[in-house]
Amino acid sequence: MVEREGPRSLYLGFAPALTRSLIYGGLRLGLYEPCKHVCSYAFGSTNFAFKFASGVVAGALATALTNPMEVLKVRSQMSTSRISTIGVMREIVSEEGVKALWKGVGPAMVRAGCLTASQMATYDEAKQVLLMWTPLEEGFQLHLMYCEICPAFCCLYLDEIC
């Protein structure tokens, strides 16, 4: 690819990928707690099922909001011309309409909902167990202890890399 298209071709779609990753990660983590509080308020419980449901909603919403960046990334990588991300967006909107920025959003929401639900609900439950069984309090040390027990969770923050 480098021989045919040059070294710059390795970075096609980098800007939308980075933008999506930052916003998506923040949204799915940031929406989980409010969703959990809504379940607690509405149903009077935050058992594992409600935590799982909160994760599904948080992941699905985060994906729905960031899907245009995913489409821009893929289209930039597939583009034979060297136009900017804004140029790719203009091209998509003018040729296919605004709805095209949400192509594939349904399956992506299902995937992200399941991923976020499994990660956040499991983390939340394990954290509650650690709070009961150890003298640790809510905070960085508790998170660090969980990362020692379950290193895969630490990839939650670096989801796209892990």
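The values are calculated or read from the model by the stated rules, or taken from the named source; none is laboratory data. Predicted model, so just to flag it, every value in this text is computed and none were measured. Cβ: placed from backbone, ideal geometry, glycine included. Neighbour counts: every protein chain shown. Note: accessible area is taken over every heavy atom of the protein model, side chains too, but ligands, DNA and RNA are not part of it. Shrake-Rupley method; radii C 1.70, N 1.55, O 1.52, S 1.80 Å.
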Looking only at the range 40-58, and only at residues there that are in contact with a Phe, Trp or Tyr (Cβ under 8 Å, 6 or more places away or on another chain) and crowded, with 19+ Cβ neighbours inside 10 Å, the one that is nearest to Met109 (Cα to Cα): Ala58
Residue within the range 90-99 that is open to solvent by 30 Å² or more (accessible area, probe 1.4 Å) and either in contact with a Ser or Thr (Cβ under 6 Å, 6 or more places away or on another chain) or assigned by the TED database to the domain that holds Pro16 (or both) present: no
Test: residue in the range 135-142 that is more than 25 Å from Phe52 (Cα to Cα) and either open to solvent by 80 Å² or more (accessible area, probe 1.4 Å) or modelled with pLDDT of 90 or more (or both): yes
Residue pairs meeting the criteria (Cβ under 6 Å; at least 6 apart or on separate chains; first under 16 Å from Ser21 (Cα atoms), in the range 108-125; second among the β-branched types (Val, Ile, Thr) and buried (at least 20 other Cβ atoms within 10 Å of the Cβ)): Ala108/Thr63; Met109/Thr63; Ala112/Thr63; Gly113/Val56
Qualifying residue in the range 147-161 (condition: farther than 30 Å from Phe14 by Cβ, at pLDDT below 75 and part of a helix (DSSP H, G or I)): yes
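Is there a residue in the range 103-114 that is more than 19 Å from Tyr24 (Cα to Cα) and either modelled with pLDDT under 80 or surrounded by 14 or more Cβ atoms within 10 Å (Cβ to Cβ) (or both)? Outline the logic, then answer.
Of the residues in the range 103-114, the ones more than 19 Å from Tyr24 (Cα to Cα) are none.
Taking every residue of the range 103-114 in turn, none turns out to be more than 19 Å from Tyr24 (Cα to Cα) and either modelled with pLDDT under 80 or surrounded by 14 or more Cβ atoms within 10 Å (Cβ to Cβ) (or both).
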Those residues of the range 1-13 which are touching a residue at least 24 places away in the same chain (Cβ under 8 Å) and either surrounded by fewer than 13 Cβ atoms within 10 Å (Cβ to Cβ) or among the aromatic types (Phe, Trp, Tyr) (or both), in sequence order: Arg8
